[in-house]
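The values are calculated or read from the model by the stated rules, or taken from the named source; none is laboratory data. As the structure is a prediction and not an experimental result, all values here were calculated from the model. All Cβ positions, even for glycine, are placed from backbone atoms using ideal geometry, and neighbour counts span all protein chains on display.
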Amino acid sequence: MNRGIIQNGMFYNLLFLILIVQPLRAQERTDIAIYTDDGVGTWPDGIIAFEQFLDWKGITHQRITAPQINTGDLSQDFKAIYFPGGYAWYYKAAFNEDGLNNIRNLVSGGGGYIGMCAGAYFACDSVDWEEDGVLDYPLDLFDGVGRGAINAIAPWDNYTMTTINLNPANPINQYSAPQEVTLYYGGPVFDPHHGVDLDTAATWDAYFDLPAIINFNYEQGRVLLIGPHPEIEEDHDRDSTDFAQELDDEGSEWPWLWSAVDWLLGDPITTPPVSGIDKRKTKALPQNYHLFQNFPNPFNSTTRLFYKLEQSSTVTLTVYNALGQQVAQPVRAMQKTGDYSVRFRAEHLPTGIYYARLNADGFEQTIKMLLIR
């Protein structure tokens, strides 16, 4: 056979392999997967605010659902996973054993887990929540108990600003002041089982200096559990939420969160440039209308309703009982484009199923709520 033909054939085979293999090698993993269940258990504001923070820091992210986690190898596509605030019981109910193993394998293989409030409860061996007592939780990244809510700071489901004391010996805090004032909304104190080794990043100043933020290694990976809500910018809209805008932030916690995410991803710990610390983004405009699931749900006495408006609209938000009778109308106003959060008080209503309906210039959506006394 002609040597030139053989050489040409080998060349084209090699070229074919290069063209096939190069895209596979070039494929980059997304930095952080963000768990969402579209507001059933996850807190929409906690997701939106964290996404805005990640955009500010230049971290890639992608939302992911329980069915995806239950059936997929996370380590192929992501470096870490974020579980937001919300209601941890729904997280527990959403995952089968395969899904739990996929989360553990992501972390143990060198990835990261960051849990904020409910996401932190979910990672604990057990949860001691209010009158529910101590309940077993299956993910077991943290060998200890998450206890809450902390009534000394704010009884559930109230929220407030509170002070946390930062541990100067923890590398995450190397660029931080000794204290941060941050949002408390039902988060835990972390109580490790006897002999468990972990680093305390911050403690609750108003609650005996007990752990508020912890971080530790999990086999080859890293876990960061955060009781408060540093992702929320209370008195500014760069987080693209209106939650707790009436409170005084006393400075942003995003620079601290910047360093914490560096640690989580195994990167050199840095702090934002001076020009970036005070950087304020124009609020992202919603792409459509939507009424999210209320939180918490089920609820006792009070809950929050979340919705977004694509454009300035005449808005009504009305609550009906199971007979279709109007029992409340929390909103009846002209409102601008944006994201909204409204507290609905139901102290005067009996246990039962209720429906919240959003009407906005021809748009209509209804959600189902459960009030339990």
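Select from region 182-208 the residues that are of a type in the set (Val, Ile, Thr) and surrounded by 18 or more Cβ atoms within 10 Å (Cβ to Cβ) and write down the one among them that is nearest to Pro268 (Cα to Cα).
Going residue by residue through region 182-208, those that are of a type in the set (Val, Ile, Thr) are 182, 189, 196, 200, 203.
Cutting the leftovers down to surrounded by 18 or more Cβ atoms within 10 Å (Cβ to Cβ) gives us 182, 189, 200, 203.
Numbers: Thr182: 25, Val189: 28, Thr200: 19, Thr203: 24 Å.
Looking at the filtered set, the residue picked out is Thr200.
Name the residue, out of Leu247, Leu264, Leu257, that is surrounded by fewer than 18 Cβ atoms within 10 Å (Cβ to Cβ), modelled with pLDDT of 85 or more, assigned by TED's automatic domain parsing to the domain that holds Val40 and on the phi < 0 side of the Ramachandran plot. Working first, answer last.
Working: Leu264 fails: surrounded by fewer than 18 Cβ atoms within 10 Å (Cβ to Cβ); Leu257 fails: surrounded by fewer than 18 Cβ atoms within 10 Å (Cβ to Cβ).
Within the list Leu247, Leu264, Leu257, the selection yields Leu247.
Assess whether Asp361 counts as being on the phi > 0 side of the Ramachandran plot and modelled with pLDDT under 90.
Details: on the phi > 0 side of the Ramachandran plot: yes; modelled with pLDDT under 90: yes.
Criteria met by Asp361.
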Practice prompt. Tally the residues that are surrounded by fewer than 22 Cβ atoms within 10 Å (Cβ to Cβ) and not in a loop (DSSP other than H, G, I, E, B), restricting the search to region 70-89.
Written response: 5
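Might you check whether a residue that is surrounded by 14 or more Cβ atoms within 10 Å (Cβ to Cβ), over 16 Å from Ser301 (Cβ atoms) and within 30 Å of the chain's Cα centre (by Cα) occurs anywhere in region 343-354? Explain how you work it out, then say what you get.
As a first pass, look at region 343-354 and keep what is surrounded by 14 or more Cβ atoms within 10 Å (Cβ to Cβ): 344, 346, 349, 352, 354.
This time we only want the ones that are over 16 Å from Ser301 (Cβ atoms), so: none.
Looking for residues that are surrounded by 14 or more Cβ atoms within 10 Å (Cβ to Cβ), over 16 Å from Ser301 (Cβ atoms) and within 30 Å of the chain's Cα centre (by Cα), one finds none in region 343-354, hence no.
Quick check on Thr270: is it of a type in the set (Val, Ile, Thr), modelled with pLDDT of 90 or more and closer than 21 Å to Arg304 by Cα? Steps first, answer last, please.
Working: of a type in the set (Val, Ile, Thr): yes; modelled with pLDDT of 90 or more: yes; closer than 21 Å to Arg304 by Cα: no.
Spelling it out, it is not the case that Thr270 is of a type in the set (Val, Ile, Thr), modelled with pLDDT of 90 or more and closer than 21 Å to Arg304 by Cα.
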Worksheet item: Which of (1) within 23 Å of Tyr121 (Cβ to Cβ); (2) part of a helix (DSSP H, G or I); (3) of a type outside the set (A, V, I, L, M) does Ser259 not meet, given it meets every other one?
Response: (1)
Worksheet item: surrounded by fewer than 24 Cβ atoms within 10 Å (Cβ to Cβ), aliphatic (A, V, I, L, M) and more than 13 Å from His229 (Cβ to Cβ): does that describe Ala94?
Response: yes
Practice prompt. Would you mind listing the strands (runs of 3 or more DSSP E) fully within region 131-248 where at least 1 residues are more than 30 Å from Leu74 (Cβ to Cβ) and in contact with a Leu (Cβ under 6 Å, 6 or more places away or on another chain)?
Written response: 160-166, 199-204
